[in-house]
Amino acid sequence: MDLKLELYNRFGFREFRPGQEDSIHSILEGKDTVSILPTGAGKSLIYQLPASLQNKKVTLVISPLIALMKDQTESLLAKGIPAAFCNSTMDELDQMLVLSKAVRGEILVLLVSPERALSPSFQKVFKEMSIFSLVVDEAHCVSQWGHDFRPEYRQIHVLRERHPQPKFPIVALTATATEKVRRDVQSVLGMMDPNVVVSSFFRPNLKFSVEYPDSEREKADRLLELLSSWRKPSGNVGRAIVYCATRKKADETYELLKDFGYSVGKYHAGRTDGIRERTQNAYSSGKVPILVATNAFGMGMDQSDVRLVVHYQVPASLEAYYQEAGRAGRDGKDSLCVLFYKAGDVATQAFMISKEANFKGGDSLLKHIKEYANKEECRQIQLCRYFGEKISSCGNCDICLDAGQNLKRTKFIRAEQIKIQKKEEKKKYDFLPEDEQVILEFLKQHPAVFGKTIIAKTLVGKRTKDVLRYRMEKNSFFANLEGIPEEAVISKLEAWVDIKKVFVAGNKYPKLYLPQFTKQSLKRSTNHNVNGTETTSSNTKIKRPPTLNSQILKDLMSYRDKKSRQLKWKKFMVFQNPVLKRIAESKPKTLSELGATKGVGPAKVEKFGSDILEIISKWES
């Protein structure tokens, strides 16, 4: 088969882009395939071309982009490829009509959300379909180590496992995945000896730069300066995206630009689906050339003429930054990517990451952003190295063009280096045996109660907000190591964890304990008050250790509260407390079992089911 001829006849392109042809060959051979191509490199073609060659076999595409499914479907139909989407925006009758067409082989490409794909009703129909391939778009969402982890993605593997003819390949597509994320994706999706196709992450037409504003006023002034071409545009200046870390900052920045006369839209999860769709349509059509957005915007966007991407606040990871900045210059023309780096924004991002229950390694990912901003090394060398690729200097970024000449940057980086150096020096404290014994005694008295930071602050005598909240200033160990740097105590605890002298309990809020305290003994261990004495008197209420059910219930309530905020619903509209209690007690393992729980209907199983099962499975393991 002449793939280039098919490429021209069906899509109008004469040549494949790097990585496309190898990926397509792999899929046509029936091999599991992981394709990692940068933003704008044509990942969709990788499954669309093989799908167009099939006869009555369906390519099922799992995509998180409900808002864009309609556009993607219309694009395929315009190329003569029978396609449809099935998601919660359609009524039940329309969904069943689409699925029946897929069963009859009248649709070659079917796009569904992960929540819909994992619903019992869909899985029942899915078994009747003749499947050519299962495509997981934005596959980095699968990995708990990725920058956009979505728990429901970790259940996708059951689609192939439960299909009566499970010989079809799984195809994972993403623009950003480190080696660690790639391994996790392959494992979670149950991929069998996959072909891994990785294209270059180098983007020669993009000019990356980092700026260091001293204040919010300076940041706003610089943004207006960068957007000056869009104030009264002459000719086609293209589009611009301004990314903010929080909805509040996105609203403020939108109002700023609007007040200065810019044609601007805003996009974040706090707006209704209808408003977001209208905003995206206005941006896509060019009616609104500037968009202020959170990370809720961008995946799957198809605008090639974005000339400027500004990160007004620090993003959560280098992966997220590369993907969002990479939306500039998809047509190959010169474009600018600017990151505003401010210490206050780093603190904001760290706080937001700490609140994400499903996010692992957040501090580590944020560390890479700090290194990127604080190194006088070619920006693209740093970005490509992060993804495992070695390149020469780009010759185009701020470092390559004016290394050592930007006094403000040099001053900022030098100040950061001095901070790091002082912090490292504090870590190198030589502990006496009696000092180490104090730490060990604290851990014996308080097994799996506190994390390393609270322990360190208590022992060195810091009266911070957290210390005072737990009344640790009244603890018998308070200030026992006064004069020793807090960083040194934390470093000592981390070293003990590395050599298994101290263990860690919990993921979201890690707490330390000694090896002799097993899980059972931790549950049975005698409670102590803040002064370190046993609370055994008859008139003192002994705090019982939490049961498994109560811990699951706590996580479920936390999830319910988070969803109610995201959806702008009342809490009881997501789940009532008695329903969550029943779920915690019955611990369903499948969506069917969850659906059988009193108070949980099919709609809630479809919308929240995969997340609920993920929470429960964490405690069952």
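The values are calculated or read from the model by the stated rules, or taken from the named source; none is laboratory data. Bear in mind the structure is a predicted one, so any value in this text is a computation, not a measurement. A quick note on method: Cβ atoms are made from the backbone with ideal geometry, for glycine too, and the neighbour counts reach across all protein chains shown. Accessible surface areas use protein heavy atoms only, side chains included; no ligands, DNA or RNA. Shrake-Rupley method; radii C 1.70, N 1.55, O 1.52, S 1.80 Å.
I need the shape label for the range 62-105. Rule: rounded when a/c is under 1.5, else prolate if a/b > b/c, else oblate, with a, b, c from the alpha carbon gyration tensor.
Oblate, because a/c is 1.5 or more while a/b does not exceed b/c.
Of all alpha-carbon pairs in the range 55-206, indicate the percentage at a distance above 25 angstrom.
Roughly 30 percent, once rounded to a whole number.
With a ≥ b ≥ c taken as the square roots of the eigenvalues of the C-alpha gyration tensor of the chain, please select rounded if a/c is under 1.5 and otherwise prolate if a/b is larger than b/c or oblate if it is not?
Verdict is oblate for the chain.
Output the relative contact order of the range 95-200, whole-number percent, from Cα pairs under 8 angstrom with separation of 6+ residues.
27
Quick one: what are the phi-derived ³J(HN,Hα) couplings along the range 171-179, Karplus 6.51/-1.76/1.60 with θ = phi - 60°, whole Hz, x for glycine and proline?
Per-residue couplings from phi come out as 10, 10, 10, 7, 9, 9, 7, 6, 4 Hz.
Counting heavy atoms of the protein chains only and a 1.4 Å probe, report the per residue accessible area for the range 16-141 as a whole number of Å².
Value for the range 16-141: 36 Å² per residue.
Let me know the charge dipole size of the chain about its Cα centre in debye, to the nearest 20, where only the beta-carbon of Lys, Arg (+1) and Asp, Glu (-1) is charged.
1720
What's the carbon and sulfur percent of the chain's accessible surface, probe 1.4 angstrom, rounded to a whole number?
50
With a ≥ b ≥ c the root eigenvalues of the C-alpha gyration tensor of the range 1-131, is it rounded (a/c under 1.5), prolate (a/b larger than b/c) or oblate?
In terms of gyration-tensor shape, prolate.
Cross-link partners among lysines for Lys56, C-alpha distance below 27 Å, same-chain residues fewer than 8 apart left out?
Straight-distance partners of Lys56: Lys4, Lys31, Lys43, Lys70, Lys79, Lys101, Lys124, Lys127, Lys167.
Per residue, how much accessible surface does the range 386-464 expose to a 1.4 Å probe? Answer in Å², no decimals.
Per residue, the range 386-464 has 60 Å² of solvent-accessible surface.
Answer with one residue from Pro164, Leu28, Met90: the one whose Cα lies farthest towards the positive end of the charge dipole of the chain, charges on Cβ with Lys, Arg +1 and Asp, Glu -1.
In the chain, that residue is Met90.
Net charge near Cys337: determine it from the other residues with C-beta under 14 Å of the C-beta of Cys337, scoring Lys and Arg +1 and Asp and Glu -1.
Net local charge, Cys337 excluded: +4.
Please return the longest stretch of the chain lacking exposed loop sites, where GluC sites (Glu not before Pro) count only if DSSP places them in a loop and at most 11 other Cβ atoms lie within 10 Å.
The longest such stretch corresponds to 30-481.
Using Cα atoms only, what is the angle between the long axis of helix 343-354 and the major principal axis of the chain, expressed in degrees (0 to 90) to the nearest 10?
Tilt of helix 343-354: around 90 degrees.
Suppose a student asked you for the relative contact order of the chain, using Cα pairs under 8 Å spaced at least 6 residues apart; what percent would you report?
12
Starting from the range 568-606, pick out the chymotrypsin sites (Phe, Trp or Tyr not before Pro) whose DSSP state is loop and whose Cβ has at most 13 other Cβ atoms within 10 Å.
Answer in residue order: Trp569.
Choose one of Tyr386, Leu7, Ile418: the residue whose Cα lies farthest towards the positive end of the charge dipole of the chain (beta-carbon charges +1 Lys, Arg; -1 Asp, Glu; about the Cα centre).
Final value for the positive-end residue is Ile418.
How high is the relative contact order of the range 582-621? Use alpha-carbon pairs under 8 Å, at least six apart in sequence, and give a whole percent.
With pairs under 8 Å counted, the relative contact order is 44 percent.
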